[in-house]
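What follows is a single structure, written as structure tokens, with notes after it.
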Amino acid sequence: MKDKVKILLVDDEERFIDGLQGVLDHYNFSCARALNGTEARQLLKQEDFDIALLDVGLPDMSGCDLAEYITTSCPDTSAIMLTGLNTVETAVQAMKQGAYDFRAKPINLEHLIKAIDKAVEHNQLRKDLRVSVARFQVLAEAGWEGIAVVEEDTLVEGNSQLFQMFGYAK
């Protein structure tokens, strides 16, 4: 059985969180809530979340700054920004700081659910890629033969066996 998707809801409007959590519960998501960025950071340190739905305008920090924190500290969590301040500048800033998506309030629930589903799929692809890279590195180092990666006549990567064959340290 597949685990429930865990979502962190971060908004200073408690009534908004109540309503959104009710809808997300109906779609079988597991939700935790924070009313400000500090609470959100504490929860992110204690638990793993698949998605964080963040208001841009939090009382103690910018939701964009929180998205950046999530990107650097919680690589398996995608941040989706929610805001009533629907400006292109805000959206661009959020995306530059690591947000996966940006949604305007009032929320179109159908679009939000699709965005959550796509973010969960994106998270899984990122995890799969990390596992694949780690496996490749183990295989490349475990073999006795030298392996080289060359792009446009330039050596861009090699395993330690290759460097030893030519008398270099990696």
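Please state which one of A134, A169, A140, A99 is small (G, A, S), in contact (Cβ under 8 Å) with a residue 24 or more places away in the chain and either part of a loop (DSSP other than H, G, I, E, B) or out of contact with any helix residue (DSSP H, G or I) (no Cβ under 6 Å at 6 or more places or on another chain) (or both).
Result: A99 is the single residue among A134, A169, A140, A99 that is small (G, A, S), in contact (Cβ under 8 Å) with a residue 24 or more places away in the chain and either part of a loop (DSSP other than H, G, I, E, B) or out of contact with any helix residue (DSSP H, G or I) (no Cβ under 6 Å at 6 or more places or on another chain) (or both).
Restricting attention to the range 58-84, which residues are in a strand (DSSP E or B) and in contact with a strand residue (DSSP E or B) (Cβ under 6 Å, 6 or more places away or on another chain)?
Those that are in a strand (DSSP E or B) and in contact with a strand residue (DSSP E or B) (Cβ under 6 Å, 6 or more places away or on another chain): S78, A79, I80, M81, L82.
Just name the residue that is least open to solvent (accessible area, probe 1.4 Å) out of those in the range 113-170 that are aromatic (F, W, Y) and over 30 Å from D50 (Cβ atoms).
F163
Among the residues of the range 80-91, is there at least one that is over 30 Å from V131 (Cα atoms) and among the small types (G, A, S)?
Yes, because at least one residue in the range 80-91 is over 30 Å from V131 (Cα atoms) and among the small types (G, A, S).
Those residues that are touching a helix residue (DSSP H, G or I) at 6+ places or on another chain (Cβ under 9 Å) and either at pLDDT below 95 or part of a loop (DSSP other than H, G, I, E, B) (or both), I need them from the range 1-19; list them, please.
Matches in the range 1-19: V5, D11.
Please work out which residue is surrounded by the most Cβ atoms within 10 Å (Cβ to Cβ), limiting yourself to the range 31-57 and to residues that are of a type outside the set (K, R), over 17 Å from the mean Cα position of the chain (by Cα) and in a strand (DSSP E or B).
A34
Would you tally the residues in the range 1-17 being in contact with a Lys or Arg (Cβ under 9 Å, 6 or more places away or on another chain) and open to solvent by 60 Å² or more (accessible area, probe 1.4 Å)?
Total satisfying the criteria: 1.
Kindly provide the set of residues from the range 2-15 that are touching a strand residue (DSSP E or B) at 6+ places or on another chain (Cβ under 9 Å) and either free of Cβ contacts under 8 Å to residues at least 12 places away in the same chain or of a type in the set (S, T, Y) (or both), ordered by number.
D3
Of the conditions (1) within 21 Å of I70 (Cα to Cα); (2) open to solvent by 80 Å² or more (accessible area, probe 1.4 Å); (3) among the acidic types (D, E), E110 clears all except one; give me its number.
Every condition holds for E110 apart from (1).
So, in the range 18-28, of the ones that are of a type outside the set (A, V, I, L, M, F, W, C) and closer than 19 Å to E39 by Cα, which residue ends up surrounded by the fewest Cβ atoms within 10 Å (Cβ to Cβ)?
Going through the qualifying residues, I end up with D18.
Counting only residues that are open to solvent by less than 40 Å² (accessible area, probe 1.4 Å) and of a type in the set (V, I, T), which one in the range 58-79 is farthest from D128 (Cα to Cα)?
Looking at residues that are open to solvent by less than 40 Å² (accessible area, probe 1.4 Å) and of a type in the set (V, I, T), I get I70.
A79 is checked against (1) over 12 Å from the mean Cα position of the chain (by Cα); (2) at pLDDT 95 or above; (3) within 22 Å of K114 (Cα to Cα) and fails just one. What number does that condition carry?
Failing condition for A79: (1).
The values are calculated or read from the model by the stated rules, or taken from the named source; none is laboratory data. Note that the structure is predicted; figures quoted are calculated from it, not measured. Glycine also receives a Cβ, built like all others from the backbone with ideal geometry; neighbour counts cover every protein chain displayed. Heads up: the accessible areas ignore ligands, DNA and RNA and are worked out on the full protein's heavy atoms, side chains in. Shrake-Rupley method; radii C 1.70, N 1.55, O 1.52, S 1.80 Å.
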